[in-house]
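Before any comments, here is the structure.
The values are calculated or read from the model by the stated rules, or taken from the named source; none is laboratory data. All values reported here derive from a predicted model rather than from experimental measurement. Every residue, glycine as well, gets a Cβ built from its backbone with ideal geometry; the counts of neighbours run over all protein chains shown.
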Amino acid sequence: MLHLHGRGHGSRSTHHWHIMTGVFVTGAAGFVGLNIVRRLAERGVDVVALVRRAPDAATLRFLDSVRSRVHFVEGDVRDRERLIELVRASGTRRIVHGAAVTSSELERSDPAGFVDINLGGTLNVLEAARLTAAERMVLISSSAVYGAPRDPAHLIREDEALQISGIYTICKQAGEALCRRYSELYGLSAVAGRLGTAYGPMERPSGSRAAMSQVYVLVHAALQQRELRIFGADRLRDVCYIADVAEAFSGLVLADTLQYNIYNVSAGTAHSLRQIAAALQALVPGVRWTPAETPAAADLVVLAPSERGALDLGHLHADLGFVPQWPLEAGLAEYVQWLHVHQ
């Protein structure tokens, strides 16, 4: 017997349900997970959405057009037995694992807890997939495993050398390795999508996501007519609009067959903060910023190790025919329009 949230805002109901063709999504209330949930539902898929607490009003509004296809269940990826029980009871055969924490403060203050979520959670999802004979598990990994680009003009392929430093990238690399090994041992299709810097609707601060994307900071400052001080304005970030991200990950989890273990998921380009601000200025005339001489004096900082290069999307294109639909200017325009309506 599972506790589900009915269609009413915050209402509770208890009943059995079976979704034989559905997808189970962890981290479903997070920015990326929620957009994937909505895209899957728009594609006609029933989604079992794992959340740690009841979805708030903004989450339910975002899913309003597809609400009948989304079934919220409460749980924590650190609780292996409960997770296995939920996946088994749902009848789903495919899983997107997006639950993670990115807070650098938590990495410092509670490294064991940080690993329990970011790596232990991946292990527990793989166990749930193995024990329920799931067909596919897609891990949301990160382009951070590549580190700063050695050559900014070069597209980064999935087989290039990694630069692993912090506990977050250690957990992502280890999670990818676990996916590969589970595939070898159990015939499970377990793949990872290395996600670039996503931005767009429903990005917001949370307990799991304290630092917002550079685009979020730029857009909100512009809309509020605040001048920003930027350090590292000419350093690159692989920013990508969330609609493209959701399309790619929904495609990966639904594809009949996949030929690779790792997929880059991004826009296939990288932009400096200076370029992003210039593109935004065409949409929001109030964009104002000045260079900061030190990181401590800045509102928005990109340090050299945090620079991210453009990703090669050949694997995604080969298996899904994926081509990004939202270049920077179009993505920014759509995001600004969404914020005008919903903020």
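Data overview
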read-out: Residue within region 198-206 that is more than 22 Å from GLU247 (Cα to Cα) and surrounded by fewer than 18 Cβ atoms within 10 Å (Cβ to Cβ) present; value: yes
read-out: Some residue of region 220-235 being touching a residue at least 60 places away in the same chain (Cβ under 8 Å), under 28 Å from LEU332 (Cβ atoms), out of contact with any Phe, Trp or Tyr (no Cβ under 9 Å at 6 or more places or on another chain) and among the β-branched types (Val, Ile, Thr); value: no
read-out: Count of region 92-118 residues which are assigned to a loop (DSSP other than H, G, I, E, B), touching a strand residue (DSSP E or B) at 6+ places or on another chain (Cβ under 9 Å) and either surrounded by 20 or more Cβ atoms within 10 Å (Cβ to Cβ) or of a type in the set (Gly, Ala, Ser) (or both); value: 4
read-out: Residues of region 311-343 that turn out to be of a type outside the set (A, V, I, L, M), over 15 Å from THR197 (Cα atoms) and outside any helix (DSSP H, G or I), as a count; value: 4
read-out: Positions within region 192-250 being part of a loop (DSSP other than H, G, I, E, B) and of a type in the set (A, V, I, L, M), in sequence order; value: MET202, ALA210, ALA211, MET212, ALA233
read-out: Among the candidates GLU307, GLU247, residue that is within 15 Å of GLY200 (Cβ to Cβ) and either modelled with pLDDT of 95 or more or touching a helix residue (DSSP H, G or I) at 6+ places or on another chain (Cβ under 6 Å) (or both); value: GLU247
read-out: Residue list for region 160-185, restricted to those being in a helix (DSSP H, G or I) and more than 16 Å from ALA129 (Cα to Cα); value: ILE167, TYR168, THR169, ILE170, CYS171, LYS172, GLN173, ALA174
read-out: Enumerated strands (runs of 3 or more DSSP E) restricted to region 1-89, each holding at least 2 residues that are modelled with pLDDT of 95 or more; value: 23-26, 47-51, 70-74
read-out: The one condition in (1) assigned to a loop (DSSP other than H, G, I, E, B); (2) closer than 23 Å to VAL302 by Cβ that ALA133 fails to fulfil; value: (2)
read-out: Subset of region 159-191 that is touching a helix residue (DSSP H, G or I) at 6+ places or on another chain (Cβ under 8 Å) and either more than 29 Å from GLY113 (Cα to Cα) or hydroxyl-bearing (Ser, Thr, Tyr) (or both) - its residue that is surrounded by the most Cβ atoms within 10 Å (Cβ to Cβ); value: TYR168
